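Below you'll find the structure, written out as structure tokens, and then a few comments.
The values are calculated or read from the model by the stated rules, or taken from the named source; none is laboratory data. Since the model is a prediction, treat every value here as computed from it, not as a measurement. Cβ sites come from the backbone with ideal geometry, for glycine too, and all protein chains shown count toward neighbours.
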Amino acid sequence: MTQLNTQSLAIAAQRGAAMPAYDRQSLTPSVVHIGLGAFHRAHQAMVFDALLSKGDRRWGVLGVAMRSTQLADTLKAQDGLYAVQIASVKGIHWQIPGAMVDTCVLAREEATVVQAIAAPGTRWITLTVTEKGYTPELAKLIVQGLKLRHQQGLPGLTIASCDNLSHNGKRLQAACVVAAQAVSAELATWVDQACVFPNSMVDRIVPAATPERLQAARDSLGVDDAAALGTEGFWEWVIEDRFVDPSDGPALASAGVTVVRDVAPFEEAKLRMLNGSHSAMASMGAVAGLKVICDCISQPEIKTYVRDMMTDEVAPHLSRPDWVEYRDALLQRFANPELKHSVHQIAMDSSQKIPQRWPPTVALQMQKGACYEHIAFAAAAWMRYLQGRNEAGASYALSDPMAEQLQPLAIAHANDPAACVKAISAFENVWGKDLPTNAAWQSRVTYWLTQINALGVLRAVASLNQAHATSK
């Protein structure tokens, strides 16, 4: 079968796929995106594609993979083209965005990345490197390119983190200023003042690519696309109204981006409602032997649990005005059968994700003397998940930077919930400074881990739902 590329686009067009509505041949990168993967390609790159379709040619992308060469090389062979299957209540359709001009791999071509940051035509850097990716080495890399820009008298860049971190722009700015200070005070001042690091929040469920999705692309489009992926119809990008080029705000807004003075209300709602629920369901589903999120939310016990957690523990501390509508939309999105979002994909790197998703809500509930049983249950389910085997005895691999520390503890104390909770709750980098020594918290997590061990996840969560309903 013919490979997807510029020459074979017409084949996919004949099958009904939406095409880039602009000339790609003379398009050059203006955005350096670090963290090439499914999420960026189904989110920011499609926003940039929409802007290019409007005639604004300032949004071509150089996609930078961190280490893996396979995707970057596949996309290069396909002229940066790939198909996205979009599933919503309106049905399923395919789109081939064209914003990806070129790709490279940081681990293999660091000099290329540095030169791209320093290129006169570059206007933006965007990042989706996951929570664990914000290292001094990343900041040092960015600053290498910024140093060359400064030396050439070029303007600063808009540098936008698109990862699930509170105040992600401020955090990235602080890291880059520190890296620049190691070079010179002058460079640090320039990075701090000439570059802009807007806080942002992004939201779209993008499962990892599967062989079934690749086959669906072949069947639907008549071309072989080794980079095809799927996503939902819903997407959201909320970004702080701070840009080096003030015209970028209205441009992004014209493509559906929400440009605001304060991202925090949206950021907190997403981290604690969507991401917090996802992490809970991922642990519960993996332990129960459920494969994907739509299987989890289709269990009445889990759906009730997720709704109650968002409504009664998370939402009271949110300032997003439309949180009720957001909650209901999330429940619908979780149930989308076309997404097939793997629980094990979501559970990856949980030790890096939990700090932003659960402890803030627990602390706020404790301050007002309110219930935090749902998040205590989530914590217990995660500790059970760390054993690496489900309730049927089937094994699965943990993909977590702390797996070598956490899994032996979970296994050693598999039959002693109190000891397990005490050992795993001790990590301040996961739970913060207060919860590791909070007896009430450990007591409730221990109770639910005991229930999970005795009853199984689904019966245990059903007992939580019943107790919660009775307490109202």
Could you please let me know if Arg242 is surrounded by fewer than 22 Cβ atoms within 10 Å (Cβ to Cβ), in a helix (DSSP H, G or I) and over 19 Å from the mean Cα position of the chain (by Cα)? no
Could you check, for the stretch 263-282, whether at least one of its residues is outside any helix (DSSP H, G or I) and surrounded by fewer than 24 Cβ atoms within 10 Å (Cβ to Cβ)? yes
Going residue by residue through the stretch 72-89, is there one that turns out to be over 23 Å from Leu172 (Cα atoms), modelled with pLDDT under 95 and of a type in the set (Val, Ile, Thr)? yes
Cβ pairs under 7 Å, 6+ apart or interchain, first in the stretch 249-268 and touching a residue at least 40 places away in the same chain (Cβ under 8 Å), second among the charged types (D, E, K, R) and part of a loop (DSSP other than H, G, I, E, B), ordered by first then second residue, are Ala251/Asp56; Ser254/Lys54; Pro265/Arg320; Phe266/Arg320
Hey, Ala107 hits all of (1) touching a His at 6+ places or on another chain (Cβ under 8 Å); (2) surrounded by fewer than 19 Cβ atoms within 10 Å (Cβ to Cβ) but one; which does it fall short on? (1)
Could you please tell me which pairs satisfy a Cβ distance under 7 Å, a separation of 6+ or placement on different chains, a first residue in the stretch 62-87 that is in a loop (DSSP other than H, G, I, E, B), and a second residue that is among the basic types (Lys, Arg) and crowded, with 23+ Cβ neighbours inside 10 Å? Tyr82/Arg41
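Every residue, every condition in (1) more than 19 Å from the chain's Cα centre (by Cα); (2) modelled with pLDDT of 95 or more; (3) farther than 22 Å from Leu71 by Cβ, yes or no:
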{"site": "Ala194", "(1), (2), (3)": "yes, yes, yes"}
{"site": "Asn199", "(1), (2), (3)": "no, yes, yes"}
{"site": "Ala209", "(1), (2), (3)": "no, no, no"}
{"site": "Leu214", "(1), (2), (3)": "yes, yes, no"}
{"site": "Pro246", "(1), (2), (3)": "yes, yes, yes"}
{"site": "Ala253", "(1), (2), (3)": "yes, yes, yes"}
{"site": "Thr258", "(1), (2), (3)": "no, yes, yes"}
{"site": "Met281", "(1), (2), (3)": "no, yes, yes"}
Selection within the stretch 319-346 - among the aliphatic types (A, V, I, L, M), part of a helix (DSSP H, G or I) and touching a residue at least 40 places away in the same chain (Cβ under 8 Å): Ala329, Leu330, Val343, Ile346
Is it the case that the stretch 459-470 has a residue that's farther than 24 Å from Asn390 by Cα and surrounded by 17 or more Cβ atoms within 10 Å (Cβ to Cβ)? yes
Applying the selection to the stretch 347-395, what residues are part of a loop (DSSP other than H, G, I, E, B) and under 22 Å from the mean Cα position of the chain (by Cα)? Met348, Asp349, Trp358, Leu386
When the residues of the stretch 109-164 are narrowed to those that are polar (S, T, N, Q) and either not assigned by TED's automatic domain parsing to the domain that holds Val196 or not in a helix (DSSP H, G or I) (or both), which ends up nearest to Glu267 (Cα to Cα)? Asn164
Residues being of a type in the set (Gly, Ala, Ser) and surrounded by 17 or more Cβ atoms within 10 Å (Cβ to Cβ): count how many of those fall in the stretch 110-154. 6
Among the residues of the stretch 424-436, is there at least one that is within 19 Å of Tyr305 (Cβ to Cβ) and either assigned to a loop (DSSP other than H, G, I, E, B) or modelled with pLDDT of 95 or more (or both)? no
Taking the condition of being closer than 22 Å to Leu165 by Cβ and surrounded by fewer than 18 Cβ atoms within 10 Å (Cβ to Cβ), how many residues in the stretch 406-426 meet it? 0
